[in-house]
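What follows draws every value from the coordinates through simple rules; no lab data is involved. Bear in mind the structure is a predicted one, so any value in this text is a computation, not a measurement. Because the Cβ atoms are built from the backbone with ideal geometry, glycine has one as well, and the counts that use them run over all protein chains shown.
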Amino acid sequence: MILLAQFESPIVTLEADETVPAQNIEQFVDVFKRIKEQYVEEIDDEQLFKAAIKGMVSGLDPHSAFLTDDDFNELKIGTTGKFGGLGIEITTEDGYVKVITPIDDTPAQRAGILAGDLIVKVGETSVKDMEIGDAVKLMRGEPGTKIQITVLRKKLGEPLILDITRQIIVSKGIKYKVFDNIGYVRLSSFQSNSTNDLKSAIYKLKKLAPNPIDGLILDLRNNPGGVLGSAVGITDLFLQEGKIVYTNGRTINSKLEYFATPQDILNGLPLIVMINGGSASASEIVAGALQDSNRATIVGNKSYGKASVQTIQELSDGSALKLTTARYYTPLGRDIHAQGITPDVIIEYEKDKVVELPDPYNTDNQLFETIKIATGMKAVSK
């Protein structure tokens, strides 16, 4: 154990340019001692220090976290997709667990969970002010088991109680269809192979259409993001030059720039990108880059506004630190994290209506309006 109480100088030197004021160290030690002496239950030092570290990191932003070795193992399991879950991307906001978006073709989407919902209870357990990792553990479980979720939704006076059956969550990636000679591609997440999958889908669309397609709709609604390389690669499919995105942080490794290569898979055909409040991270990179370059018309509703980079650093004892180290910016320097992406054309929809969509190509109001816009663009382009 480090005995912080022994420091006597006005500041404690960590490294050449990093210092910690002694009064803050003394305050920490004072609180530590009072808890050890007066708290109703006896707590060992390791538990107290881990709680202190968790509080310090989680207070930075909703995406940074200290992961115990168990939490770290849970994270590794989660990235494989081989677990029973609900199929939602979540964050925390004002002590609540907030849904960024439900993932396509998952129990959460089928049950009617919407982007922006606040999860307040899992079963009989309140998740208010609960750490996000602990909330995830409550929702995760054996495939086939049932769970009850209580959510709050804006404009609804009463909480919604939803019964959901867990299943193994595997993203189905890309779906495509032709509407009125306009190609439509739905991308539900950005995975390592998404660029090649999208390229393949566009080639198939061209063969599927009875005539050459007149434009393309790329649907990124409720797409929570994923692999940065795929966001860059997919954007590059439609651009011939220019910057796609750049990241900026305090370390050298966090300052990166990505540029387009000379290609355009559509050869200049009109392109529309659909976004909404559930479009986050990689989706916002694609929409922002194509909007800044005037290559695409962005339609729908303002995106979520989550464009920060988290690095996971394993520590010596098997625990890990997930820390926000950079933010993404559009080619024109817009801070996606603070602003989100505002569409060129706003198309409203009934946010509070739970819509059953057994057919993934069900022409909902937003898509129907977008097809009309695309058809108009087709006429103008000719």
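A few points about this structure:
- nm² value of the averaged projected area, convex hull over the Cα atoms of the stretch 82-168: 5.1 nm²
- Highest mean first, the peptides 265-272, 53-60 sorted by other C-beta atoms within 10 Å per residue fall in the order 265-272, 53-60.
- Long-range amide H partners of PHE190 with built H, under 5 Å: GLY225, GLY226, VAL227
- Stokes-Einstein D (µm²/s) once Rh is taken as the Kirkwood radius of the stretch 135-261 over alpha-carbon pairs, at 20 °C in 1.002 mPa s: 118 µm²/s
- Our coupling estimate for the stretch 372-377, obtained by passing each phi through the Karplus curve with A = 6.51, B = -1.76, C = 1.60 and θ = phi - 60°, is 5, 4, 5, 5, x, 4 Hz, Gly and Pro reported as x.
- Farthest toward positive dipole pole in the chain [+1 Lys/Arg, -1 Asp/Glu at C-beta], among GLY157, LEU114, TYR39: LEU114
- Using just its DSSP H runs of length 4 or more, each adding -39500 (n - 2.57), the chain gives a mean residue ellipticity at 222 nm of -9000 deg cm²/dmol after division by all residues.
- Calculated FRET efficiency, GLU142 to ASP94, Cβ-Cβ distance, R0 = 30 Å: about 0.40 to the nearest 0.05.
- The spread of Cα positions in the stretch 66-214, taken along each principal axis and listed from longest to shortest, comes to 56, 41, 29 Å.
- Residue-by-residue Karplus 3J(HN,Hα) for the stretch 130-146, coefficients 6.51, -1.76, 1.60, Hz, glycine and proline x: 7, 5, 4, x, 5, 5, 4, 4, 5, 7, 7, x, 5, x, x, 7, 9
- Residues whose placed amide H lies under 5 Å from that of PHE259, excluding near-sequence neighbours: ILE244
- Summing charges over all other residues whose Cβ lies under 13 Å from the Cβ of ILE100, with Lys and Arg as +1 and Asp and Glu as -1, gives -1.
- q = 0.24, 0.31 Å⁻¹: log10 I(q)/I(0) that the Debye formula gives for the stretch 279-335, counting C-alpha atoms only: -0.94, -1.26
- The stretch 16-58 - Kirkwood radius from inverse mean 1/r over Cα pairs (Å): 11.7 Å
- Once divided by 2.2 N^0.38 Å, the Cα radius of gyration of the chain becomes 1.12.
- Each listed q (0.08, 0.09 Å⁻¹) maps to a log10 I(q)/I(0) for the stretch 174-381 from the Debye sum over equal C-alpha point scatterers, namely -0.28, -0.35.
- Ordering of 275-282, 148-155 by packing [mean C-beta count within 10 Å, highest first]: 275-282, 148-155
- Nearest 10 degrees, 0 to 90: helix 22-38 Cα axis against the chain principal axis: 70 degrees
- Loop-resident sites, the stretch 214-266, for trypsin sites (Lys or Arg not before Pro), counting at most 11 other Cβ within 10 Å (DSSP): ARG250
- Nearest-0.05 FRET efficiency for THR125 and ASN73, computed from C-beta distance (R0 22 Å): 0.50
- Residue-wise HN-Hα couplings along the stretch 237-250, as the Karplus relation 6.51 cos²θ - 1.76 cosθ + 1.60 with θ = phi - 60° gives them from phi, are 4, 10, 10, 9, 7, x, 6, 9, 6, 9, 10, 9, x, 8 Hz; Gly and Pro carry x.
- Loop-located GluC sites (Glu not before Pro) in the stretch 86-143 whose Cβ has at most 11 other Cβ within 10 Å (DSSP): GLU124
- Shape summary: the stretch 178-217 maps onto an equivalent ellipsoid whose semi-axes, from the alpha-carbon gyration tensor, are 21, 10, 6 Å in decreasing order.
- Residues whose amide H falls under 5 Å from that of TYR96, counting only those 5 or more places apart or on a different chain, are ASP129, with hydrogens built in the peptide plane.
- Of the residues TYR304, GLY278, ALA201, the one whose Cα sits farthest towards the positive end of the charge dipole of the stretch 174-381 is ALA201 (charges of +1 on Lys and Arg Cβ, -1 on Asp and Glu Cβ, taken about the Cα centre).
- Rg followed by Dmax, in Å, when the stretch 202-269 is reduced to its Cα trace: 15.3, 53
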